[in-house]
Amino acid sequence: MRVPLRSLLDVPAPAKLNLSLRVVGKRADGYHLLDSTMVLIDWADTLHFERRSDDRITRRDIGTALPSDDLCLRAARSLQSAAGCTQGADITIDKRVPWGAGLGGGSSDAASTLLALNVLWGLDWPLARLLPIGLALGADVPFFLAGSNARARGIGEQLEPIANTPSWYAVVQPAARLETRAVFAHPTVAARVEAARIAGFSESADVEGFRANDLQAAAEDLCPEVAEAVRWLSEGFGSGEGRMTGSGSAVFAFAGPWEKTAGAGPAASATMPEPWPSGWTGRMCRSLERHPLQGWVHR
């Protein structure tokens with residue numbers, strides 16, 4: 001007889017980096033069409049799930065307090081409603097990925113919640129049934145659900161797995177935060193959309209060799225600290241490769257390849273520059289080959 005699970009502990013929710021991000025259009029409903037290359041990194045939140053016999057869903061925060069109706073709770077309630085599930089869950093979040101950074105922390109928490117509760121509640125839904133729920137929560141959620149480094153197009157629903165050289169990245173977030181809506185509403189983004197329309201770009205626009213972020217100019221105008229962080233990383237690594245991820249405000253720089261050997265760390269040339277600017281957060285991050293929970297759902 002199958003004994004139902006009562007808890008799932010130490011469920012990871014890894015962050016992501018947009019190695020490239022191109023704005024290629026805008027739909028009639030206002031959603032922007034993007035073409036982006038995204039990779040998973042080992043900067044992660046940790047979630048704990050305890051199954052309830054009633055239908056209540058609760059959340060407890062360790063460390064950074066989250067909004068009362070964050071994506072994690074919305075994900076749990078959306079899955080519960082879609083499945084007609086009468087079970088609930090107590091969710092504990094150890095928040096480590098900074099919010100307002102463009103690192104996808106909230107979307108990753110939502111994806112890990114869907115994957116975990118799919119198991120804990122015994123639903124056994126395939127990925128195809130979870131993806132629409134994820135997309136309704138946010139454009140990055142399908143990427144985390146699918147679990148592979150990928151080229152993402154459309155509004156995030158078109159995913160093409162890619163191979164990415166295992167690498168180290170220096171990731172920093174200045175003290176200032178950015179609102180995604182404000183970045184997309186900036187005139188420079190509207191100009192990008194118009195330029196893409198005139199040039200005849202589409203959702204299938206080729207991003208091969210494109211290594212930039214079309215949202216960065218808007219973010220730097222709204223938050224000069226983003227430009228400062230880009231300069232700081234670029235000068236620290238001497239490569240001119242500092243770049244913003246997502247809609248910011250975190251920026252990153254390539255810091256060298258990593259070897260898949262026990263205990264391997266960044267090379268001496270791939271350590272975070274010093275001194276550390278006051279009020280900033282960051283760390284050296286290693287890219288992941290796949291999401292740690294990728295095997296939790298049927299393809």
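The values are calculated or read from the model by the stated rules, or taken from the named source; none is laboratory data. Quick caveat, the model's predicted, so the values are computed rather than measured. Neighbour counts are summed over all protein chains in view; Cβ atoms, including those assigned to glycine, are modelled from backbone coordinates with ideal geometry.
Details
- Residues that are among the acidic types (Asp, Glu), under 27 Å from Phe252 (Cα atoms) and touching a residue at least 40 places away in the same chain (Cβ under 8 Å), drawn from the range 38-74: Asp42, Asp45
- When Glu160, Glu194 are screened for being of a type in the set (Asp, Glu), at pLDDT 90 or above, more than 26 Å from Gly100 (Cβ to Cβ) and not in a loop (DSSP other than H, G, I, E, B), only Glu160 passes.
- Verdict on Leu123 being modelled with pLDDT of 95 or more and out of contact with any helix residue (DSSP H, G or I) (no Cβ under 9 Å at 6 or more places or on another chain): no
- Matching residues, the range 108-155, being in contact with a Gly (Cβ under 8 Å, 6 or more places away or on another chain) and of a type in the set (Phe, Trp, Tyr): Phe143, Phe144
Let's see how each residue does on (1) loosely packed, with under 15 Cβ neighbours inside 10 Å; (2) modelled with pLDDT of 95 or more; (3) in contact with a Cys (Cβ under 8 Å, 6 or more places away or on another chain); (4) in the same structural domain as Leu145 (by TED's automatic domain parsing):
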residue: Arg2; (1), (2), (3), (4): yes, no, no, no
residue: Pro12; (1), (2), (3), (4): no, yes, no, yes
residue: Asn18; (1), (2), (3), (4): no, yes, no, yes
residue: Leu21; (1), (2), (3), (4): no, yes, no, yes
residue: Gly25; (1), (2), (3), (4): no, no, no, yes
residue: Asp29; (1), (2), (3), (4): yes, no, no, yes
residue: Met38; (1), (2), (3), (4): no, yes, no, yes
residue: Leu47; (1), (2), (3), (4): no, yes, yes, yes
residue: Arg56; (1), (2), (3), (4): yes, yes, no, yes
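- Count of residues meeting criterion [over 22 Å from Ala65 (Cβ atoms) and either crowded, with 21+ Cβ neighbours inside 10 Å or in the same structural domain as Gln216 (by TED's automatic domain parsing) (or both)] in the range 75-116: 3
- Positions within the range 217-234 being over 12 Å from Pro277 (Cβ atoms) and either in a helix (DSSP H, G or I) or at pLDDT below 90 (or both), in sequence order: Ala217, Ala218, Ala219, Glu220, Asp221, Leu222, Pro224, Val226, Ala227, Val230, Ser234
- The residues of the range 268-282 that are under 30 Å from Thr113 (Cβ atoms) and either under 16 Å from the mean Cα position of the chain (by Cα) or at pLDDT below 90 (or both) amount to a single one, Gly282.
- Qualifying residue in the range 172-188 (condition: assigned by TED's automatic domain parsing to the domain that holds Gly282, surrounded by 22 or more Cβ atoms within 10 Å (Cβ to Cβ), under 22 Å from Leu33 (Cβ atoms) and modelled with pLDDT of 95 or more): yes
- Residues within the range 21-57 that are over 30 Å from Gly84 (Cα atoms), touching an Asp or Glu at 6+ places or on another chain (Cβ under 9 Å) and of a type in the set (A, V, I, L, M), tallied: 7
- When the range 227-242 is limited to residues that are in contact (Cβ under 8 Å) with a residue 40 or more places away in the chain and in contact with a strand residue (DSSP E or B) (Cβ under 6 Å, 6 or more places away or on another chain), the one that is surrounded by the most Cβ atoms within 10 Å (Cβ to Cβ) turns out to be Ala229.
- Lone qualifier among Ser148, Ser108 - being farther than 26 Å from Trp280 by Cβ, in contact (Cβ under 8 Å) with a residue 40 or more places away in the chain and touching a strand residue (DSSP E or B) at 6+ places or on another chain (Cβ under 6 Å): Ser148
- Residues of the range 123-140 satisfying the condition of being crowded, with 22+ Cβ neighbours inside 10 Å and either closer than 26 Å to Thr165 by Cβ or not assigned by TED's automatic domain parsing to the domain that holds Asp42 (or both): Asp140
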